[in-house]
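Notes for the one structure printed next.
The values are calculated or read from the model by the stated rules, or taken from the named source; none is laboratory data. It should be emphasised that the depicted structure is a prediction, and the values quoted were computed from it without experimental measurement. Neighbour counts run over all protein chains shown; Cβ positions are idealised from the backbone, glycine included.
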Amino acid sequence: MRAQVLAQQPEVPVTWSLVATVAPRAAGRVHARLTASIAQGWHLYSISQPEGGPNATEINLDPKSPYQLTGPIAGPPPTSAFDPNFRIRTEFYTDSAAFDLPLSVHKKAEPLAPIVVMVRYQACSRRLCTQPLHATAGATPMRASATVAPPLRSKNQSRFRPDGARLNHSGKN
């Protein structure tokens, strides 16, 4: 039996959330993680789903965004199995899936400008499939805290000031 396409979606089978961090000492680099939480009994088609069946999940930045992708979007390996809804082998996720987006921000952008990600996706249960759905997730990047261990130094090692002048062991010149 083929799956019925839902004309009016009674529930949203996938919810989306976004978290973003600014890497310490990486000027303009931002790491964003988009997470899909998939309702029980449903599956979400992968970002690498081949054509000829369900719609692959598409992840894009808002065109007005000061951010741009600096590499490919990475996601978890999907499950690959025969899908009776489409009568072909499909790639999908169940429960949840997290996608990593490597980003850079335009030099003239407002510091820590909000990131808006737009998603187009299709989900199916054993009996029903959604039409392609659209979702938006947003986040303001947070600065990543980096705990840096002090450099190892022996008792007899000399220290130098930024201008190259030698400091004595007390740290004073």
Counting only residues that are under 17 Å from the mean Cα position of the chain (by Cα) and surrounded by 13 or more Cβ atoms within 10 Å (Cβ to Cβ), the range 53-69 contains a total of 11
Out of everything in the range 89-136 that is acidic (Asp, Glu) and either over 15 Å from PRO78 (Cα atoms) or crowded, with 17+ Cβ neighbours inside 10 Å (or both), what residue ends up being farthest from the chain's Cα centre (by Cα)? GLU110
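Checking the condition among the aliphatic types (A, V, I, L, M) and surrounded by fewer than 16 Cβ atoms within 10 Å (Cβ to Cβ), which residue from ALA36, ALA139, ALA81 passes?
ALA81
State the number of residues belonging to the range 30-42 that are touching a Pro at 6+ places or on another chain (Cβ under 9 Å) and in a strand (DSSP E or B).
Final tally of qualifying residues: 4.
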Cβ-Cβ distance below 9 Å, separation of 6 or more or different chains: which pairs start in the range 102-115 with a residue that is under 16 Å from GLY138 (Cα atoms) and end on one that is part of a loop (DSSP other than H, G, I, E, B) and of a type in the set (Asp, Glu)? ILE115/ASP62
Assess whether PRO50 counts as being free of Cβ contacts under 8 Å to residues at least 60 places away in the same chain, over 23 Å from LEU128 (Cα atoms) and either over 14 Å from the mean Cα position of the chain (by Cα) or in a loop (DSSP other than H, G, I, E, B) (or both). no
Of everything in the range 61-105, what is within 17 Å of ALA23 (Cβ to Cβ), part of a strand (DSSP E or B) and in contact with a His (Cβ under 9 Å, 6 or more places away or on another chain)? Give them in sequence order. TYR67, GLN68, ASP100, LEU101, PRO102, LEU103
Given the options ALA56, ALA23, ALA36, name the one that is modelled with pLDDT under 95, of a type in the set (A, V, I, L, M) and touching a strand residue (DSSP E or B) at 6+ places or on another chain (Cβ under 8 Å). ALA23
Within the set of pairs 6+ apart or on separate chains, which have a first residue in the range 75-96 that is on the phi > 0 side of the Ramachandran plot, a second that is at pLDDT 95 or above and of a type outside the set (D, E, K, R), and C-beta atoms under 7 Å apart? ASP95/ILE38
